[in-house]
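Student: Before anything else, here's the structure in question.
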Amino acid sequence: MSAHPVLRRAARLLLAALLALVAGLTAGAPAHADFGTDYHDPFTVTQPLKRPTTPSCAVEVMHERQFRNGYGNPPDTPYVGQLAPSSACPGPWSKVVLDLHGQVAGRQFDRLFTVRVGGFEVMMSSTPEPSKDGIEWRVEHDLTRYTSLLSTPQPFEFDLANVTDSTYTGVFTISATVTYYTADVAWPAPGTADRLLTTGGFTLSQATPSAAGDLVFPANLESLTAEVYARGGGACEEFAYASAPDAFVAKNPGLGYCGKGPFRELRLAVDGRVVGAVWPYPVIYTGGWEPLLWQPIPGIFAFDLPAYQVDLTPYVGLLLDGRPHSVSITVNEAEKQSNDAWTGQLNLLATVDHGSARTSGALTEYRVAPEAAVATTLDDQGGGSGAWQVTAERHDLARGWVQTSHGRVTTEVRGDLGFSSAQQLRDSGNDLVLHNNADLTRTTSTWGGGPHRVRTVHEGEPLDVTYRTTSDAGGNSDQRTAMQLGYHRSDTTATGGRISSRSTIDHTLGPSAHRHGGDTTVRTADSTETYRATGPDGPYARTVTTHDGWPVNGDGS
């Protein structure tokens, strides 16, 4: 959670949101003071889910539930209901979609929330900051991969910890509906996991960097995928991508800069053996840095955080003995502060061999680094100013086979991951330039049980920030913030040596804001968002430009 950069500017605005930024960028000015009394309802130009044309059943599982005080006695969160498919749509389903509709008015911070079904986290999200007159927003989220869980009645849990008082008056009113789309020849039911397992929720900090649970896997396990929901929280870890190296923090004590550098890695391990890693996307919520930037278009993934997936199929042969196996998740290094932690949940999606009661297998090659290789170059320029470059890389490979009823299937998973961060900090944190990028390539190859198949997923995650604030003896202050966020993905599958499928995403967002106080008052912001995609759901392209909270090119529907 974060808020406006107006009130605590006296603390040198230290990059509140990024380097120390408990103060500077994250103070608490009311959102409705920015563009008058209102701004356009939040929206994004991302491609809508392609919904089947088959008969469907919509089940409203939460109706206009108000979240007012998550820390009261008793708290009003989580909301717990019951989710069950309608008897009119018993399945199989071609798609299952969760639709959320929210409303809020007044003053309020952005709030984080999670959705769980049957104890499994199925969505992680955050809210917009409201206007005085009030806004509403909608989010759709694909639940299809959880169909084995959704086929029977399950507890539905919606957890949003809000706080209201005489200043922060915004109450979130949210409804949730799950729609089950039946399957037919044109819209067949996709292959999904037969069984879900979880180690439960986790909280990772510098004091307790690891969490683990024991799981027993099916005797006829054939493939396994780990799915990680994760977010950094607190004044430092929410902005971990902009943290300074420890050496710089040590040379500039008392300035409140966040340390541990800008690289974070969540490592997965089975029985103590590292089996994969997740490098979280730098999600920026609607109160981050400068709230004007995100009205009405939120940061990339802010309303629907990624579920990071790691293919663990090469390790299946190690899990077939019917005994408990320890599955753990560990964060590399994080700030040691009371409210700084990585929270989330680790799910495991298991597919079994329906033609046999038991499979067998082995891990035949294992070259996975215990941790990423990280290098730091620091130029401390004195007086709270400096420049640094941080790089990280991983080059991992695991190969294993599973003997199934349809033959021996060998799976090789290769990961080539690279990260770079270049930052220039001047004027005791009042002048910052940041250039980050993650370049992630994961390749999965399979032999046996059919033609040779190779799937390659490449992701690019650039983030550029410029931030400058000044003040003078006359009490005038001036702050300018500009960003370029991106998410680029290509997903290509080759079957038998020929390309059998390919999809791409190119998502860019460029907001900028100017805030001036004193002799004159300025509150202005511009943003341009572009989303282009190709693939089985058809080509899609949309661009919208906004000014001072309202679309000026394209529509905000």
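The values are calculated or read from the model by the stated rules, or taken from the named source; none is laboratory data. Remember, it's a predicted structure, so these values are computed and weren't measured experimentally. For accessibility, only protein heavy atoms count, side chains too; no ligands or nucleic acids. Shrake-Rupley method; radii C 1.70, N 1.55, O 1.52, S 1.80 Å.
Student: Mean separation of Cα pairs under 8 Å and 6+ residues apart, divided by the residue count of the chain: what relative contact order is that in percent?
Tutor: 15 percent
Student: What does the accessible area per residue of the stretch 132-251 come to in Å², with a 1.4 Å probe and no ligands, DNA or RNA counted?
Tutor: Dividing the accessible area of the stretch 132-251 by its residue count gives 37 Å².
Student: Whole angstrom only: what separates the Cα centroid of the stretch 453-504 from the Cα centroid of the stretch 121-144?
Tutor: About 21 Å separates the Cα centre of the stretch 453-504 from the one of the stretch 121-144.
Student: Something else about it: If you roll a 1.4 Å probe over the stretch 264-312 with all protein chains in place, what percent of the accessible area is carbon or sulfur?
Tutor: Here it works out to 47 percent.
Student: Okay, next question. May I ask you to give the solvent-accessible area per residue for the stretch 46-125, in square angstrom, as obtained with a 1.4 angstrom probe?
Tutor: Ligands and nucleic acids excluded, the figure is 44 Å² per residue.
Student: Accessible area of the stretch 467-546 with a 1.4 Å probe: how many percent of it is carbon plus sulfur?
Tutor: About 49 percent, which is the carbon plus sulfur part of the accessible surface.
Student: Here is a further query. Is the shape of the stretch 469-556 rounded, prolate or oblate, going by the alpha carbon gyration tensor and its root eigenvalues a ≥ b ≥ c, with a/c under 1.5 for rounded and a/b larger than b/c for prolate?
Tutor: Note, shape of the stretch 469-556 comes out oblate.
Student: Under 25 Å between alpha carbons: how many lysine pairs meet that in the chain, if sequence neighbours fewer than 8 apart on the same chain are excluded?
Tutor: Lysine pairs, 8 or more places apart or on different chains, close enough: 4.
Student: Let me ask something else about it. Can you work out D for the chain in µm² s⁻¹ from Stokes-Einstein, where Rh is the Kirkwood radius over C-alpha pairs, the temperature is 10 °C and the viscosity is 1.306 mPa s?
Tutor: It diffuses with D of about 64 µm²/s by this estimate.
Student: Ignoring ligands, DNA and RNA, what percent of the accessible area of the stretch 323-392 is carbon or sulfur (1.4 Å)?
Tutor: Here carbon and sulfur together make up 48 percent of the probe-accessible area.
Student: Let me ask something else about it. What accessible area per residue comes out for the stretch 294-347, rounded to a whole number of Å², with a 1.4 Å probe?
Tutor: On a per-residue basis, the stretch 294-347 sits at 32 Å².
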